[in-house]
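Accompanying notes for the structure given below.
What follows is calculated from the coordinates using simple rules that are stated; it is not laboratory data. This is a predicted model, so every value here is computed, not measured. Glycine gets a Cβ as well: all are built from the backbone with ideal geometry, and neighbour counts include every protein chain shown.
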Amino acid sequence: MRILVFDDDPGIGRLVVKFAGIKGLDTAAVADAEAFWELLQCNAPETIVLDLQLGQTDGVEQLRLLADHHYAGQIVLISEHGARLLSTVRAMAENLGLNIAATLEKPLQIPALEQLLERLHATPRVVSAEQLRAAIINDEMSLDFQPIVAMKPRTLKKLEALVRWDRAGAGTIQPSGFLPIAEGDAATMGALLDWVIGATMEAYHVLGQLGVTVPIAVNISARNLEERSLPDRLEQRLRDGGMPPEQLWLEVNKTAAFEDATLTMDILSRLQLKGIRLSIDNFGAGYASLILLRQMPFSEIKIDRSFVTDMTASRDSRAIVKSVIDLAANMETGCVAQGVETRAIADALEDLGACDLQGFWIARPMPVEAVPAWLAIWSRCDPFPLGGQARPTEKTPLSPVPDMPEQADETGPSALKLSPRQIDVMRLLSDGRSVKQIARDLNLGVGTVKVHLSMAYSALGAHNRIDAIRRAEPALSRQLKARNFDRRLAC
């Protein structure tokens, strides 16, 4: 982990360097802008500690320059001017697309500094754009899907595709761990979008074979909106892949849309003309949102999760959410509240008016093969509260579906519903194999394996991987006993 401190007080720089060195972090400090940019360009640090008061320049100006250069690392802001100014500058920097890891007030408190350095030390090492492109080529990426629903009547409106990196030896890396790197390099961001669109089309067809046909939403970045050819390229990909354009939604971050408003209006208008629908993401945070909503052809508003998660505790947040819901209704656009993590939030949203919901209370992101089983459960009982059990509704049997169901007995109906191929797939899944490994072991396509998994999940009435393996255990045990018996006969 390389850290670069920019503070015009050399004493602060020495203090951070000293304590960072104790934590084993490679740290350097500079006191003027020329030295800062020289070090930044020759050996870009993974974290910048930036003071807001810098003599001949200031931290706000430096943040603008960092955004112009698409700096992808973490930034820690420090200032003696208090929490309010730090909060304002942080919001401004995040609207510019920068990754603000933390803020610290001066004079620096040693315990707070040590705690921050511990957290930075534990942060996984930043990867390069070259490593990310290699991961895309080597098919190390995967998609999870999070439902977006209407509650009355209960309807699955669409799925949002969320990209993950299954990096060898490092486990699953969430988007926050690699998207800033992709954002800093146009070629990498283009390659990532191409992969995501291809995987989205594959998932759309897998779901269609299982009777689930809903639009899928994909996030696009500022880098993607620099390509004037994007609408034609996406139209051709969808045509070749057999996915109707109206089944693809693109979620556009307000920061991305505002970088070059004229070019963005050109690209988004042509996307809309080709049938692809558009959402403005994280609406309500930042000064540009209303301007963008008036200028751009958006079909949907997604309310920023910071207001939604806080609306039961903050009257101001609730008022903002209500205003956005009313605005969407008056403009005849769709509206999605993201960050619905409790039943209290869902109930509060219902009181405010018509709005679709997305969040952990509805469902966590899941593999495509788990969507049909989740949908079967969700359609007949309330969403699973965090850490709790399903709540019965009028359509639900008196005993709710348990969060961790009991194991089916050997003669139970669940065990008898699996085909031999589904049993083979579930056996390998229970051994810890990934979908790609199962496909290789059984000489099947990845899409075919996902179909078998989804059918097995539905047949077993399972809502997650652990649930499915437990319910399938009797069938797997019978298969193992039969094979052992055949082996004894052969001897």
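Here are some notes:
- Val446 sits among other residues whose Cβ lies under 10 Å from its own Cβ, and their net charge, with Lys and Arg +1 and Asp and Glu -1, is +1.
- Whole-Hz Karplus values for segment 207-221 come out as 5, x, 5, 9, x, 10, 10, 9, x, 10, 9, 10, 7, 10, 10 Hz, taken residue by residue from phi with 6.51 cos²θ - 1.76 cosθ + 1.60 and θ = phi - 60°; glycine and proline positions read x.
- R0 of 51 Å, Cβ-Cβ distance Thr448-Glu114: FRET efficiency to nearest 0.05: 0.45
- Listed by Cβ neighbour count within 10 Å, with the fewest neighbours leading, Arg427, Arg119 appear as Arg119, Arg427.
- Taking segment 77-94 and a reference point 7 angstrom along Cα→Cβ of Thr57, the backbone N atoms nearer than 20 Å belong to 77-81, 86, 89-94.
- Cβ-Cβ FRET estimate between Arg465 and Glu350, R0 fixed at 35 Å, reported to 0.05: 0.65
- In this structure the amide hydrogen of Arg2, modeled in the peptide plane, comes within under 5 Å of the amide hydrogens of Glu46, Thr47, none closer than 5 places in sequence on its chain.
- Cβ crowding within 10 Å ranks Asp356, Asp58 as Asp58, Asp356, fewest other Cβ atoms first.
- Gyration tensor (alpha-carbon) shape descriptor, segment 181-331, a/c threshold 1.5: prolate
- Gyration tensor (alpha-carbon) shape descriptor, segment 13-84, a/c threshold 1.5: oblate
- Nearest-0.05 FRET efficiency for Thr172 and Ala35, computed from C-beta distance (R0 51 Å): 0.85
- For segment 2-122: rounded, prolate or oblate by the Cα gyration tensor [a/c cutoff 1.5]: rounded
- Under 5 Å from the amide H of Cys335 lie the amide H atoms of Ile301, Asp356, each residue being 5 or more positions distant or on a separate chain, with H modelled from the backbone and absent for Pro and chain starts.
- Distance between the modelled labels on Glu332 and Ser128, one decimal in nanometres: 5.4 nm (7 Å Cα→Cβ projection).
- Distance between modelled label sites at Ser323 and Ser430, nm, 7 Å Cα→Cβ extension: 5.6 nm
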